[in-house]
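For reference, the structure is listed below as structure tokens.
Here, each number is a calculation from the coordinates, and none is a lab measurement. The model shown is predicted, which means the values in this text are computed figures rather than measured ones. Every residue, glycine among them, receives a Cβ derived from its backbone with ideal geometry; neighbour counts consider all protein chains shown.
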Amino acid sequence: MRLIHSLPLLAAFALAACGNDPDEELSDESLSMDEVMAEGEDNGVMPQPGEYSTSYELVSFEVPGASSVDMDALEAAFREGAQEQSSFCVTEAMDREAWISAMQDNSCTLSRLSADGDTLDLAMTCDAEDGPQGRIGMSGTAGETSSDLEMTFTQPIPGIGDANIVMNVTTERTGDCS
């Protein structure tokens, strides 16, 4: 089972940019790729076409106001889900928005983008029935055959509160798409 499909245990999650306030300069309305590119800077490297594996590492997990029993159970469930690897395919026809959506196994719309060489910083909104929902942000490096990105999630957990989660997400090209 992919990490994203194991997360409904925690409810759908929203991601926020690391190093930038994701709510700053980010409205609830989605922007078209043309609007993002008009205001963004994309001089970044795009990944080569092919199959990529994705690994997740939980960096931190905090739920202000949750009991230690709730915290322990939630963190254990999230750590277990984060250990699952997944894969996705990058094609020549993909733009940055489609590549990020494929990596997240989701449909995402960019609302802020800064890419220069292998440095990437972005914010977007994603909506999937059983995956990430809401604002997503990423920052880190993304090259032709791998990426190393840090993400911060704000995950509402009904009856408990918001979970603040930081994850490291790495991808690596493993071959041609099957």
Self-check item: Residues Phe61, Phe78, sorted so that the one with the fewest Cβ neighbours within 10 Å comes first
Solution: Phe61, Phe78
Quiz prompt | With eigenvalues of the C-alpha gyration tensor scaled by 5 and rooted, the range 80-178, Å | solution = 23, 16, 14
Quiz item: Going by how many other Cβ atoms sit within 10 Å of their own, how do Asp176, Asp118 line up, fewest first?
Solution: Asp176, Asp118
Practice problem: Arrange the following residues from fewest to most other Cβ atoms within 10 Å of their Cβ: Cys177, Cys126. | Solution: Cys177, Cys126
